[in-house]
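Here's the structure, in structure tokens; my notes come after.
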Amino acid sequence: MVAAKLIDVRLEGRQHIDRYELVAEVASGGMATVFLARLSGMGGFQKFVAIKRLHPHLAGEREFVEMFLDEARLAAGIHHPNVVSILEVGASERGYYLAMEYVEGDTLARLLARAATSGQRLPRPVAVKIVLDTLTGLHAAHELKDEMGQPTELVHRDVSPQNVLVGLDGICRITDFGVARAASRLSATRVGQLKGKIAYMAPEQAMGKSDIDRRADVFASGIVLWEVLAGRRLFKSENEAATLSRVLTEEITHVCEVAPDVPRAIGDVAMKALERVVSARYPTCAHFADALERAADEADKVASGRELASYVSEVIGNEIAQQREAVRAWLARSEPSQIQFPTAEMIRADRTDRSGVTQMATPSVRSAILEQPQPKRSRAWLLLVGAFALCGVAAIAWWVGTKNRDNAPVAPGTASGTGLSTAAPEATASAPATALPKASAAPEVNPPVEPSALTPTQAPRPQPRAPLRPPPPKPGPGGEDLPSNPYR
């Protein structure tokens, strides 16, 4: 599987396109870049999607923008398990983008390349199952109607192994409607302009005709069937000119001559789909699929979804496991602290200083905490403290006044204006000595306050926990790169 470039959070920071967080760049072409992205939600919810973003330098090119929006508008209307779903189309400060269903698996092109490298071919029941799923998805696209109930006459025009995704769930999906033609599309194809891969074009499409229909996709699907059965390319040559010449004029060899073990009935179905005369082909992909399934049932068998999933797991299971581990390691590095949900005691601890609690929650949980009504604070302790403070101040004032009187000059043996003996000052002076401790101790005689009467600022604050850091990931054979991009 092709390794992808994980976003380096330490150098680039966390990257977002609207509400999607980018995890890795998994493919880049002449028109757009595809990212693996994560959509997060409340309660730890997360969903991985594929984000296809139009190159920023093309945002000002009307033709490319319209083509990009066409893909979203057309594919979003197709609801079928064998077609990659378009979840959203949007425009952000980083450009136009499509949010698509993320398929965990690999492309048919890379599965064929693996088999060819080892000198093998795909198991025939598996190969037939893949083509049948592809035909079923294409027929759903061809039958698409607009909001007025009129046929859109959609033609994919780029049916190839690169655009067939074989999922680990045992389902194959057709993707990439970027060059699809429909009667209601926004951007019109220029006369004579070729769109798609020449090695998988129908002759009428390769000649630049403007009146092609769904039978062009039938021919392209026939090329795919021929190649998965034969284990080699049909029209591909050393350059595009030679490839185009072979598509238009070269006699097509019967697949059973290249792969004698292929049942004749299945080979005949493939050859009928490859008729250069348009009217001689199957009229629809549904007719093509029915004929292929009947021939496979007679001569062989068609793999079930479970058998296809088992084959994909056997071929690329280890790499998919590495992909999952790479994503987990990336998430651990980009989120060093684990998400903790605050308890009721933590919420009551300090309503005025909420950062210690809310930073441990997700944004949605944080807002829910902050919006909770604050508990009513008891004012009894304020009254008690105020009363004792006033008493203390009064006692100190009385003592100071008495001391000033004692220090005033008096006649021997008498106190001025008092009629007291000379012993009176001693007795009088002793009074503040006994009263002073009471006055000075008054502020400390506060009754013990019950814990329930403590305000949030008096309550013991929870000590912040040290962030839990996961152990460093073990790099796989391909380092920390995310394996294969199923959308290339």
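Please specify each residue of the stretch 113-122 satisfying the condition of being surrounded by fewer than 21 Cβ atoms within 10 Å (Cβ to Cβ) and not β-branched (Val, Ile, Thr).
First pass over the stretch 113-122, keeping only residues surrounded by fewer than 21 Cβ atoms within 10 Å (Cβ to Cβ): 113-121.
Listed by number, the residues that qualify are Ala113, Arg114, Ala115, Ala116, Ser118, Gly119, Gln120, Arg121.
Name the pairs: first residue in the stretch 274-302 and touching a residue at least 60 places away in the same chain (Cβ under 8 Å), second residue outside any helix (DSSP H, G or I) and among the aromatic types (Phe, Trp, Tyr), Cβ to Cβ under 9 Å, at least 6 apart or on different chains?
Phe288/Tyr282; Ala289/Tyr282
Between Ala289, Ala303, which is within 39 Å of the chain's Cα centre (by Cα) and part of a loop (DSSP other than H, G, I, E, B)? Talk me through it step by step, then tell me what you get.
Working: Ala289 fails: part of a loop (DSSP other than H, G, I, E, B).
Every option except Ala303 fails the conditions.
With respect to Val26, is the statement that it is modelled with pLDDT under 85 and within 27 Å of Asn318 (Cβ to Cβ) true?
Values: modelled with pLDDT under 85: yes; within 27 Å of Asn318 (Cβ to Cβ): yes.
Answer is yes for this residue.
On the basis of being loosely packed, with under 15 Cβ neighbours inside 10 Å and at pLDDT 95 or above, does Ala280 make the cut? Write out each step before concluding.
Numbers: loosely packed, with under 15 Cβ neighbours inside 10 Å: yes; at pLDDT 95 or above: yes.
The answer is yes for Ala280.
Output the residues belonging to the stretch 243-275 that are surrounded by 15 or more Cβ atoms within 10 Å (Cβ to Cβ), in a loop (DSSP other than H, G, I, E, B) and over 41 Å from the mean Cα position of the chain (by Cα).
Correct list: Ile252, His254, Ala259, Val262, Pro263, Glu275.
Every residue, every condition in (1) among the small types (Gly, Ala, Ser); (2) surrounded by fewer than 23 Cβ atoms within 10 Å (Cβ to Cβ); (3) at pLDDT 90 or above; (4) in contact with a Pro (Cβ under 8 Å, 6 or more places away or on another chain), yes or no:
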{"residue": "Ala91", "(1), (2), (3), (4)": "yes, yes, no, no"}
{"residue": "Tyr96", "(1), (2), (3), (4)": "no, yes, no, no"}
{"residue": "Glu104", "(1), (2), (3), (4)": "no, yes, no, yes"}
{"residue": "Thr107", "(1), (2), (3), (4)": "no, no, yes, yes"}
{"residue": "Arg124", "(1), (2), (3), (4)": "no, yes, yes, no"}
{"residue": "Lys129", "(1), (2), (3), (4)": "no, no, yes, no"}
{"residue": "Ala140", "(1), (2), (3), (4)": "yes, yes, yes, no"}
{"residue": "Glu147", "(1), (2), (3), (4)": "no, yes, no, no"}
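Which one of the conditions (1) in contact (Cβ under 8 Å) with a residue 40 or more places away in the chain; (2) closer than 30 Å to Cys256 by Cβ does Glu63 fail to meet, given that it meets all the rest?
Going through the list (1) in contact (Cβ under 8 Å) with a residue 40 or more places away in the chain; (2) closer than 30 Å to Cys256 by Cβ, Glu63 breaks only (2).
Return the residues of the stretch 318-329 that are touching a residue at least 12 places away in the same chain (Cβ under 8 Å) and either surrounded by fewer than 17 Cβ atoms within 10 Å (Cβ to Cβ) or not small (Gly, Ala, Ser) (or both); say none if nothing qualifies. It would help to see each step written out before you state the result.
First, the residues of the stretch 318-329 that are touching a residue at least 12 places away in the same chain (Cβ under 8 Å): 319-320, 322-323, 325-329.
If the condition is that a residue be touching a residue at least 12 places away in the same chain (Cβ under 8 Å) and either surrounded by fewer than 17 Cβ atoms within 10 Å (Cβ to Cβ) or not small (Gly, Ala, Ser) (or both), then Glu319, Ile320, Gln322, Gln323, Glu325, Val327, Arg328 are the ones that fit.
The values are calculated or read from the model by the stated rules, or taken from the named source; none is laboratory data. Just so we're clear, the structure is a prediction, and the values are computed from it rather than from any experiment. Methodologically, a virtual Cβ is constructed for each residue, glycine included, from the backbone with ideal geometry; neighbour enumeration extends over all protein chains shown.
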